[in-house]
Amino acid sequence: MDNKFTTEIAKSVVECLKVKYDLDVIPESLLFNETRKEFEGDYTLVIFPLLKLTKSNPNDLGAILGEAVVNEIEFVESYNLIKGFLNFKLNASVWFEEYISFTTKESFYSESSGKKTIVEFSSPNTNKPLHLGHARNILLGWSCSNILEAAGHEVVRTQIVNDRGIAICKSMLAWQLFGNGETPESTGTKSDHFVGKYYVLFEQAFKTEYITWQAGETARSIYENRPNKEQVEADFFKSYKNKYFNEYSPLGAQAKKMLLDWEAGLDSVIDLWKKMNSWVYAGFEQTYDQLGVSFDSYYYESETYKLGKDIIEEGVTREIFYKKADGSVWIDLESEGLDHKLVLRSDGTSVYMTQDIGTARKRYEDTEANGMVYVVADEQDYHFQALFAILKRLGEPYHEDLFHLSYGMVDLPTGRMKSREGKVVDADDLVQEVIDEARKNAVERGEIEDASADEREEIYNKIGMAALKFFILKVNPKKRMIFNPEESVDMQGTTGPYIQNAYVRIQSINRKAGDLDLTVGKSYTKLEDIELDIIKKLTSYTKQIQASAEQFDPSLLTNFCYELAKAYHKFYNDVRILGAESEGAKAFRVNLGNQVARVLKHGFGLIGIEMPNRM
């Protein structure tokens, strides 16, 4: 790590090494970390790399360097040595000065980094409503875009709507076969849920058809002549399902014909496609509004796949891609440690890679962004490795700054979700569930009974959304997670409501303090340990934003907010605030709370959470 304190300590260490050991060491080669919580100190110098150079042992070298730094640098109060780790503790006055400077900061946003970054998130299929997995995607994308913006990026929030393909045709065909002309309005159903019902109906009908076919002569003959005679019947037909869909299924044939008719522009298919997609879009917008997210631009696979096809045809001419005898188009990525990747089917229809190639170029042409972040589940890790390799091979000018924010799937305490079988938790139902949990907990505590009905509902909504968003974002994106609605609203756990409660406590103190002159707080300089701990956390906030932005990891910020709130709760319980020993101490502590509230509100704002004034 590098800051003004470690820079000065490094200079002192370098001088000492020169004088004592006649060594020329550059300051940048020294490794500093923040001192671990269980040890006393603020910054730690790792001295292991210096032992061979000095031909010394950790105790002797640590003592020599520690004494030199303490004697030379006024702001270093003391040092201690834990094996090969040299810990330096700074004077409390230094942190007090840092705190005073921090309180005068008008904004936590960094100056422009000169980077323009596209963040793609959500990107749903238009054959089903948004579900819990989409919720993690959306919340990661929204928070990352806000954090990048705070770190100085110009951010474009976008999504690619997967509005074409065989899955969409399944929903369309099922509505034709089973819908009898019903609409979301006629059934009183949220419009994206309405379309999703027909996707499930198709899969149910296909499952019935497949089971019936398995009992027929053709299926029995195929099974008897299977290559792997050890494969049992259940496993064989499970693995044969896709081949059946493509070669034998009447429903599969109808769905594939609809896809070809769509690509051929058949009016009746296009009209049905537009109608059903409009239903889904209306439903999506309601969910986005509930989650508090929005987009700067939308791209549609139905448009970008055409550009992708053109780029691929151009790439065939340039011998980047090659055609097989059946007409399909591929690219050899073995030199990148991958395999041969299909980019166009033999019948000329596109695959996901086709539209992703087209979308990437179109976005660059529209925005001239020099970076793109794709928020997509880790099931697509290989796809994005291949996409980035292809864009590099094509010589796209933005290919060096592409990032796949790969995240783990979300499970429920009851297990995995299965959208084809309708066994999912819709995002809308999830939002309602956490709000209901927040309402139930608030009613049990009875602390806002005097608020109006509208005020109570607003508070329930803020607590519920904090519970949902924080619970999902506190986990490192790469980790698979289990979402438990009941745990998410726990007022004592690592939860959003726990952090909101710290903010609410501070507002309550301010109301009780009344018109207090906070400037007299400057006379209070004898800091308690917990006050010093809070100050250190507050003054590291901008660094936390930068770290979250650099690693595309909102969990660094969410967990920082939790640690700050936890420290404040301890401060609230252990230290007299309004009943402080002096007016200076009282003013200082009230203002310290205000600074905590300021940071918590800003940090939660970046991850899309609002703060209530009461709970």
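The values are calculated or read from the model by the stated rules, or taken from the named source; none is laboratory data. Given the structure is predicted, the values throughout are model-derived calculations rather than measurements. FYI the Cβ positions are ideal-geometry reconstructions off the backbone, even for glycines, and counts take in every protein chain you see.
Computed values, structure above
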{"quantity": "Subset of segment 261-287 (residues that are at pLDDT 95 or above and surrounded by 18 or more Cβ atoms within 10 Å (Cβ to Cβ))", "calculated": "Val269, Leu272, Trp273, Met276, Asn277, Trp279, Val280, Gly283, Phe284, Thr287"}
{"quantity": "Total residues in segment 291-305, condition polar (S, T, N, Q) and either more than 33 Å from the chain's Cα centre (by Cα) or modelled with pLDDT of 95 or more (or both)", "calculated": "2"}
{"quantity": "Pick from segment 540-571, criterion surrounded by fewer than 19 Cβ atoms within 10 Å (Cβ to Cβ) and among the hydroxyl-bearing types (Ser, Thr, Tyr), ranking: farthest from Arg589 (Cα to Cα)", "calculated": "Thr542"}
{"quantity": "Enumeration of residues in segment 453-492 that are closer than 15 Å to Gln432 by Cβ and touching a strand residue (DSSP E or B) at 6+ places or on another chain (Cβ under 8 Å)", "calculated": "Phe483"}
{"quantity": "Residue that is of a type in the set (Phe, Trp, Tyr), touching a helix residue (DSSP H, G or I) at 6+ places or on another chain (Cβ under 6 Å) and outside the structural domain of Met276 (by TED's automatic domain parsing), where the choices are Phe194, Phe206, Phe121", "calculated": "Phe121"}
{"quantity": "Matching residues in segment 441-467 - criterion: being at pLDDT 90 or above, part of a helix (DSSP H, G or I) and surrounded by fewer than 18 Cβ atoms within 10 Å (Cβ to Cβ)", "calculated": "Ala453, Asp454, Glu455, Arg456, Glu457, Glu458"}
{"quantity": "Residue count for segment 115-145, restricted to those that are of a type outside the set (S, T, N, Q) and either under 16 Å from Leu402 (Cβ atoms) or free of Cβ contacts under 8 Å to residues at least 12 places away in the same chain (or both)", "calculated": "8"}
{"quantity": "Which listed residue, of Phe236, Phe284, is in contact with a Leu (Cβ under 9 Å, 6 or more places away or on another chain), part of a helix (DSSP H, G or I) and either over 17 Å from Ser171 (Cβ atoms) or in the same structural domain as Val195 (by TED's automatic domain parsing) (or both)", "calculated": "Phe284"}
{"quantity": "Segment 180-192: number of residues that are surrounded by fewer than 23 Cβ atoms within 10 Å (Cβ to Cβ), within 29 Å of the chain's Cα centre (by Cα) and closer than 24 Å to Ile270 by Cβ", "calculated": "1"}
{"quantity": "Qualifying position, being within 18 Å of Gly165 (Cβ to Cβ) and either without any contact (Cβ under 8 Å) to a residue 40 or more places away in the chain or among the polar types (S, T, N, Q) (or both), among Thr367, Thr359", "calculated": "Thr359"}
{"quantity": "Which listed residue is within 26 Å of the chain's Cα centre (by Cα), on the phi > 0 side of the Ramachandran plot and not hydroxyl-bearing (Ser, Thr, Tyr), from Phe483, Phe552, Phe471", "calculated": "Phe552"}
{"quantity": "Matching residues in segment 141-179 - criterion: being under 24 Å from the mean Cα position of the chain (by Cα), among the basic types (Lys, Arg) and modelled with pLDDT under 95", "calculated": "none"}
{"quantity": "Any hit, segment 124-138, residues being part of a loop (DSSP other than H, G, I, E, B) and of a type in the set (S, T, N, Q)", "calculated": "yes"}
{"quantity": "Enumeration of residues in segment 468-489 that are touching a Pro at 6+ places or on another chain (Cβ under 7 Å), surrounded by fewer than 17 Cβ atoms within 10 Å (Cβ to Cβ) and over 16 Å from Asp429 (Cα atoms)", "calculated": "Ile482"}
{"quantity": "Test set (1) modelled with pLDDT of 95 or more; (2) farther than 18 Å from Arg136 by Cα - Val475 fails condition number", "calculated": "(2)"}
{"quantity": "Per-region count, segment 1-56, residues surrounded by 12 or more Cβ atoms within 10 Å (Cβ to Cβ) and part of a helix (DSSP H, G or I)", "calculated": "23"}
{"quantity": "Segment 584-615, residues that are at pLDDT below 95 and of a type in the set (Asp, Glu)", "calculated": "none"}
{"quantity": "Verdict on Leu86 being surrounded by 16 or more Cβ atoms within 10 Å (Cβ to Cβ), farther than 30 Å from Ala585 by Cβ, of a type outside the set (Gly, Ala, Ser) and under 24 Å from the mean Cα position of the chain (by Cα)", "calculated": "no"}
{"quantity": "Selection within segment 256-268 - within 18 Å of Asn125 (Cα to Cα) and either basic (Lys, Arg) or over 35 Å from the mean Cα position of the chain (by Cα) (or both)", "calculated": "Lys256, Met258"}
{"quantity": "Index of the failed condition, Gly152 passing every other in (1) within 16 Å of Gly603 (Cα to Cα); (2) buried (at least 22 other Cβ atoms within 10 Å of the Cβ)", "calculated": "(2)"}
{"quantity": "Segment 308-356 - residue that is in a helix (DSSP H, G or I) and under 29 Å from the mean Cα position of the chain (by Cα) and, of those, farthest from Glu120 (Cα to Cα)", "calculated": "Glu336"}
